[in-house]
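Let me begin by presenting the structure, written as structure tokens, before commenting on it.
The values are calculated or read from the model by the stated rules, or taken from the named source; none is laboratory data. Since we're looking at a predicted model, the values are computed, not measured. Because the Cβ atoms are built from the backbone with ideal geometry, glycine has one as well, and the counts that use them run over all protein chains shown. These area figures cover heavy atoms from the full protein model, side chains too; ligands, DNA and RNA do not enter into them. Shrake-Rupley method; radii C 1.70, N 1.55, O 1.52, S 1.80 Å.
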Amino acid sequence: MAIDYYGLFPCKVRESISDADLLRMEKARNRANAVLEITRKNPQADKSKPESEWTFKTVVLGPDGPQATEMRVADLLAESAPLGSLAANCVNCPSNIRSSDFGCGGTVHYPITALGENWLVSRLPADLNTPAGQLLTRAIADFGYNGAAVDAARGRKEIYETDKPAERKWGGFFSKKTKITSSQIMQMAFLVGNLQPTHAKLIAYFLGFLNDDFSISNNPINRPQPDDDSSIIEMKIFFSVAALAGISNVSVLIDA
């Protein structure tokens, strides 16, 4: 389970294939590679067949309960085969944030860690009276980002590591108190469907990936650091894509 996304920058890849097909083929390739890696390391796995003939089962919860399907690695590799020639278009692409094949997108894997949620709220404006702070509180109020949709899934440890969201508070004894949670920020980023350019720009701005003039922030802390955990790394890449998409006036496709 994961959140997959692409910045919908115009390019030769998108002239050749739909975003839905690109997402489908990347998922097939990633699943094949994951199965191969796990099976190679498993001393109990039957390796008498060629790797392409290895099979695995997927379980999907349907209306009649869990539905198991057996799949072959060979079928996934065949499905994703067109990616090989398409990837040549990603070399030296200015939108290739990850510096890899189809690096204008990526994945935020579940479960999202407690460290990742703490990082999210740590990136919010220190002062809510700043332009970023005022826009943030206005957006939360205007669109009703209460985080309830995220919190409803917190009982599932395969999605969220912690039962409670991270919190950030502003104000004191003699001033208005404001609290914003990581659930509200994740709702705003991941649970509203595809991000339109203005929305992508604002969420990146709230988290410090854009400056007050909406230029890209070159702050080194916006890039993955050696001590970042997996959720922090993946969210840093996501918000970097959102920042570039927002100022380029393109949307961000979200498949959550």
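Worth a mention:
- Which listed residue, of ARG123, ARG98, is closer than 30 Å to SER217 by Cα, among the basic types (Lys, Arg) and modelled with pLDDT of 95 or more: ARG123
- In the set SER16, SER48, only one residue is modelled with pLDDT of 85 or more and of a type in the set (S, T, N, Q); that residue is SER16.
- Strands (runs of 3 or more DSSP E) fully within the range 1-109 that include at least 1 residues being open to solvent by 50 Å² or more (accessible area, probe 1.4 Å) and at negative phi: 55-62, 65-72, 105-109.
- Among (1) among the acidic types (Asp, Glu); (2) within 23 Å of CYS93 (Cβ to Cβ); (3) assigned to a loop (DSSP other than H, G, I, E, B) - the single one ASP212 does not satisfy: (2)
- Only a single criterion out of (1) within 24 Å of ASP4 (Cβ to Cβ); (2) modelled with pLDDT under 85 is not satisfied by ARG24, namely (2).
- Total residues in the range 197-223 satisfying the condition of being under 20 Å from LEU8 (Cβ atoms) and of a type outside the set (Lys, Arg): the figure is 12.
- For the range 158-179, a residue qualifies if it is part of a loop (DSSP other than H, G, I, E, B) and at pLDDT 90 or above, and the qualifying residues are GLU158, ILE159, GLU161, THR162, ASP163, LYS164, PRO165, ALA166.
- Contact map, the range 66-87: residues that are among the hydroxyl-bearing types (Ser, Thr, Tyr) paired with residues that are loosely packed, with under 12 Cβ neighbours inside 10 Å, Cβ distance under 9 Å, separation 6+ or inter-chain. Pairs shown: THR69/LYS57; THR69/THR58; THR69/VAL59; THR69/VAL60.
- Residues located in the range 223-240, provided they are open to solvent by 10 Å² or more (accessible area, probe 1.4 Å) and not basic (Lys, Arg): PRO224, GLN225, PRO226, ASP227, ASP228, ASP229, SER230, ILE232, ILE233, GLU234, ILE237, SER240
- When residues in the range 169-199 are screened for being surrounded by 20 or more Cβ atoms within 10 Å (Cβ to Cβ) and closer than 16 Å to THR137 by Cα, 11 of them pass.
- Residue that is farthest from LEU22 (Cα to Cα), among those in the range 110-120 that are open to solvent by 10 Å² or more (accessible area, probe 1.4 Å) and touching a strand residue (DSSP E or B) at 6+ places or on another chain (Cβ under 7 Å): PRO111
- So ILE203, is it surrounded by fewer than 18 Cβ atoms within 10 Å (Cβ to Cβ) and either under 15 Å from the mean Cα position of the chain (by Cα) or not charged (D, E, K, R) (or both): no
- Subset of the range 1-45 [charged (D, E, K, R) and out of contact with any Lys or Arg (no Cβ under 9 Å at 6 or more places or on another chain)]: LYS12, ARG14, GLU15, ASP19, ASP21, ARG24, GLU26, LYS27, ARG29, ARG31, GLU37, LYS41
- Within the range 133-157, being in a loop (DSSP other than H, G, I, E, B) and either in contact with a Leu (Cβ under 9 Å, 6 or more places away or on another chain) or surrounded by 15 or more Cβ atoms within 10 Å (Cβ to Cβ) (or both) holds for TYR145, GLY147, ARG154.
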